[in-house]
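Trainee: Let me begin by handing over the structure; questions about it come next.
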Amino acid sequence: MKQTQSFLIQRFAQAGIRPRTELGQNFLIDQNLLRVLVEAACLQPDDVVLEVGTGTGSLTALMAPKVAAVVTVEIDPYLFQLAQEQLAQLANVTMLQLDALRSKNRLNPQMLEAVEQHLSQSPQRRLKMVSNLPYHVATPVLTNLLTLDRPPEQMTVTIQKELADRVVAKPGSKDYGALSVWVQSQCRAEILRVLPPDVFWPRPKVDSAFLQITVDPQLRGRLTDREFFHEFIRGIFCHRRKFLRSELAGAFKPRLTKEQIDCLLGQLDIQPSVRAEDLPVETLIRLSEAVRQAIAG
């Protein structure tokens, strides 16, 4: 199946449906770019692939012959039905008609169970995610996958370029924030390619990008308590441009006194008037651990 613009327009017309912009439905209509995305993922026969946003199933169909299994999720029941017709003959594809998110901070357990079922069939199996991620769920999906004890080893996705810029941003830049720190504390991330609006149907108003995130066990091992670190960085990046001392006082009141905060910053040789957005990931990890230990007593 070639997912061209004319094919999609005809297929949607036959089904009596339209793309739903509120669900972030923008379909990649350049078949060569779909292949580039799949090639970048370096899929292997033992891989289990998670795909969020099945769409019409064109990316799924490209990946299925290369891997052990694909678990693909689509929230739209009409698109789900279209994709079922395209993918019915692929025995290693598990299709789920559901929301990938249980809530903003939690992935759908049915999706995770389906993934785990395929992974458990062989110790050699590895999890990857390859998706044209619907724009409105890209941030929570990427964020929540990294909270798992066994996240995908690699995520190769299409997302808004603005979001990709935030993932790879460096300290001191306008895009550097909680998302940058959360991903970079555990992974290596790279923008592989920038995509203009005209390679999608319907055309989005912004550029998109292929982004690849590779989990690094050594980086991830620095986090003593991932859940606390996640809470910590969300707290201190809550109000951009605020001084770090004020952010810490607000985020951890009443668990830490201002005197304790001053003591911690002094011990780590961090100026209280610095802003969180100016600190490198390594410094934020050390500060988070010091705060965690101080709270624990």
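Trainee: Could you please rank HIS136, HIS118, placing first whichever residue has the fewest other Cβ atoms within 10 Å of its Cβ?
Mentor: With the fewest neighbours first, HIS136, HIS118 line up as HIS136, HIS118.
Trainee: Considering the chain as a Gaussian network with a 10 Å cut-off on Cα pairs, which listed residue, ARG275, ARG241, ARG106, attains the greatest mean-square fluctuation?
Mentor: Looking only at ARG275, ARG241, ARG106, the largest GNM fluctuation is found for ARG241.
Trainee: Counting each pair of different Cα atoms once, what's the Kirkwood radius of segment 118-201 in Å, rounded to one decimal?
Mentor: This gives a value of 14.1 Å.
Trainee: Please list, or write none, the aspartates and glutamates whose alpha carbon is within less than 17 Å of the alpha carbon of LYS161, excluding same-chain residues fewer than 8 places away.
Mentor: Within the straight-line cut-off, LYS161 pairs with ASP175, GLU190, ASP198, ASP207.
Trainee: Please state the relative contact order of the chain as a whole percent: Cα pairs under 8 Å, 6+ residues apart? Intermediate results must be reported in sequence, preceding the final value.
Mentor: Details: 482 pairs, mean separation 43.6, N = 297.
Contact order relative to length: 15 percent.
Trainee: Cross-link partners among aspartates and glutamates for LYS205, C-alpha distance below 15 Å, same-chain residues fewer than 8 apart left out?
Mentor: Answer for LYS205, where 15 Å is the Cα cut-off: GLU22, GLU162, listed by chain and number.
Trainee: Please state the charge dipole magnitude for segment 226-296, taken about the Cα centre, from unit charges on C-beta atoms (+1 on K and R, -1 on D and E), reported in debye and rounded to the nearest 20.
Mentor: Working: 12 positive and 10 negative charges, 60 e Å.
So the dipole magnitude of segment 226-296 works out to roughly 280 debye.
Trainee: Please rank TYR78, TYR176, TYR135, fewest neighbouring Cβ atoms within 10 Å first, as an exposure proxy.
Mentor: TYR78, TYR135, TYR176
Trainee: Would you pull out the residues with amide H under 5 Å of ARG275's amide H, same chain only if 5 or more places away, H placed 1.01 Å from N?
Mentor: When sequence neighbours closer than 5 places are left aside, the close amide H contacts are LEU244.
Trainee: Counting DSSP beta bridges with both partners in the chain, what percentage is antiparallel, nearest 5?
Mentor: Details: 20 of 39 bridges.
Among the beta bridges of the chain, antiparallel pairing accounts for roughly 50 percent.
Trainee: Between rounded, prolate and oblate, where does segment 226-296 land on the alpha carbon gyration tensor, with a ≥ b ≥ c its root eigenvalues, rounded for a/c under 1.5, else prolate if a/b exceeds b/c?
Mentor: Cα axes put segment 226-296 in the rounded bin.
Trainee: Can you tell me which aspartates and glutamates have their Cα less than 12 Å from the Cα of LYS258? Leave out same-chain residues fewer than eight positions away.
Mentor: Reachable aspartates and glutamates: GLU247.
Trainee: Hey, what number do you get for the chain at 222 nm if only DSSP H runs of n ≥ 4 count, each worth -39500 (n - 2.57), divided across all residues, to the nearest 500?
Mentor: -11500 deg cm²/dmol
Trainee: Still on this model: Which one of LEU127, LEU256, LEU82 has the biggest mean-square fluctuation once the chain is modelled by GNM with Cα springs under 10 Å?
Mentor: The residue with the greatest mean-square fluctuation here is LEU256.
Trainee: To continue, here is another question. Please work out, to two decimal places, the log10 of the ratio I(q)/I(0) at q = 0.06, 0.11, 0.16 Å⁻¹ from a Debye calculation in which every Cα of the chain carries one identical scatterer.
Mentor: Each listed q maps to, in turn, -0.22, -0.69, -1.22.
Trainee: A follow-up question, please. Nothing charged except the Cβ atoms of Lys and Arg (+1) and of Asp and Glu (-1): what's the magnitude of the dipole of segment 8-154 about its Cα centre? Round to the nearest 20 debye. Don't skip to the answer; put the middle values down first.
Mentor: On the way: 12 positive and 14 negative charges, 27 e Å.
So the dipole magnitude of segment 8-154 works out to roughly 120 debye.
Trainee: Pick from ASP149, ASP175, ASP47: which residue has the top mean-square fluctuation in a GNM of the chain where Cα pairs under 10 Å get a spring?
Mentor: ASP149
Trainee: What's the exposure ranking of ILE285, ILE159, going from fewest to most Cβ atoms within 10 Å? Each step should come with its number before you reach the end.
Mentor: Values: ILE285 20, ILE159 26.
Arranged by neighbour count, lowest to highest, ILE285, ILE159 become ILE285, ILE159.
Trainee: When the convex hull of the C-alpha atoms of segment 170-297 is computed, what volume per residue in Å³ does it have?
Mentor: Spelled out: Cα convex hull of segment 170-297, divided by residues, is 126 Å³.
Trainee: Just to confirm my numbers, what's the Cα centroid distance between segment 165-222 and segment 1-51 in Å?
Mentor: Segment 165-222 and segment 1-51 have Cα centres separated by 21 Å.
Only the coordinates and a few stated rules stand behind these numbers; no lab work does. Keep in mind the model is a prediction, meaning the values are calculated, not measured. Please note: Cβ atoms are built from the backbone with ideal geometry, for glycine as well, and neighbour counts cover all protein chains shown.
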